[in-house]
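The values are calculated or read from the model by the stated rules, or taken from the named source; none is laboratory data. Worth saying up front: this structure is predicted, and the values here are computed from it rather than measured. When we count neighbours, we look across all protein chains shown, and the Cβ atoms used for this are built from the backbone with ideal geometry, even at glycine.
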Ligand code: SF4
Ligand code: SF4
């Protein structure tokens, strides 16, 4: 009996030491926090997500309807998935010079984060596999059908705000999330007990009432959807006030009290060649200059055509 319990204790200690190592390595790789959740194949939020889709609140983002089975069952994303490692990356930028009256969301003022986060998650997975070569895992940063915000909450890293954002209790909501789904059980973290203050400031501040009720976003009314996700061949919807934004929107993040003490990201820094652009330069940005300026940033996604369309919507709003 004694030897069995020592064996179990040793096994447990070994697992805990792996978890400690994973978290320490994640911080060393530049991530701001790391947590672990146990995989269960029925995601409680699946019904809420399906109801949201059925109301058409995802607008034209049809990709959200696909792979529903994978989204709600991580073992279809990675065979024998047992645990999920979630990392948090602060991207908040302290106010810096911004020469234009047009607005660009904070996350688009520096190099595209996908590459940086994926690379470092790859390094983290390699290091874990050096400790435990039997472990296999799959990485996701936004693009895979993994409910990252849901798992970040399950991993004890924070909570969801009325503005539908994931909020880290110390870092706020200007954060990116990344995950590694692994096929070995790892000691999970306890749930986080912090909560959204339910102050309603985000709902009141949204220029288009896109937060139709607490925790419910109607993407069609959201400036981020209109200026980023909308097909470049379509105009923005005439009833949308883009509030001078030509790429994305931070309003419901900026007003949130959980972001009051947000600190400068130690990994991402705004690119001065974007911050110093004047209205005139934005208005007249030529294709070749656009490619050079935005090649490595998320703005590249909508191209010069998308930026011109968004600027002309801002101008229309100003005339009204
Ligand atoms: S991102 Fe902007 S438009 Fe979208 S919900 Fe928040 S405040 Fe409203
Ligand atoms: S602004 Fe208030 S209600 Fe909205 S997410 Fe932040 S704390 Fe919650």
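Worth pointing out:
- If only residues of region 113-160 that are in a strand (DSSP E or B) and within 16 Å of ligand 2 (Cβ to nearest atom) are counted, the one that is farthest from residue 190 (Cα to Cα) is 160.
- Complete set of residues in region 274-291 that are surrounded by 11 or more Cβ atoms within 10 Å (Cβ to Cβ) and part of a helix (DSSP H, G or I): 274, 275, 279, 281, 282, 283, 289, 290, 291
- Test: residue in region 175-184 that is touching a residue at least 12 places away in the same chain (Cβ under 8 Å), under 24 Å from residue 147 (Cβ atoms), more than 16 Å from ligand 1 (Cβ to nearest atom) and part of a loop (DSSP other than H, G, I, E, B): yes
- Within region 189-218, if we keep just the residues that are more than 8 Å from ligand 1 (Cβ to nearest atom) and part of a helix (DSSP H, G or I), the residue that is surrounded by the most Cβ atoms within 10 Å (Cβ to Cβ) turns out to be 203.
- Looking across region 70-84, the residues that are outside any strand (DSSP E or B) and either closer than 21 Å to residue 248 by Cα or in contact with a helix residue (DSSP H, G or I) (Cβ under 6 Å, 6 or more places away or on another chain) (or both) come down to 70, 72, 76, 77, 81.
- One residue from 163, 253, 231, 198 being modelled with pLDDT under 95 and either within 14 Å of ligand 2 (Cβ to nearest atom) or within 21 Å of residue 107 (Cα to Cα) (or both): 231
- With respect to (1) over 23 Å from residue 242 (Cβ atoms); (2) modelled with pLDDT under 95; (3) surrounded by fewer than 16 Cβ atoms within 10 Å (Cβ to Cβ), the lone exception for residue 60 is condition (1).
- Yes/no for residue 253 being touching a helix residue (DSSP H, G or I) at 6+ places or on another chain (Cβ under 7 Å), closer than 14 Å to residue 205 by Cβ and either touching a residue at least 40 places away in the same chain (Cβ under 8 Å) or surrounded by fewer than 19 Cβ atoms within 10 Å (Cβ to Cβ) (or both): yes
- Selection within region 229-258 - over 16 Å from residue 310 (Cβ atoms) and either in a loop (DSSP other than H, G, I, E, B) or more than 9 Å from ligand 1 (Cβ to nearest atom) (or both): 255, 256, 257, 258
- Any hit, region 85-107, residues being within 29 Å of residue 254 (Cα to Cα) and in a helix (DSSP H, G or I): yes
- For region 171-195, filtering for residues that are out of contact with any helix residue (DSSP H, G or I) (no Cβ under 7 Å at 6 or more places or on another chain) and within 20 Å of residue 108 (Cβ to Cβ) leaves 2.
- There is no residue in region 260-268 that is at negative phi, at pLDDT 95 or above, buried (at least 21 other Cβ atoms within 10 Å of the Cβ) and part of a helix (DSSP H, G or I).
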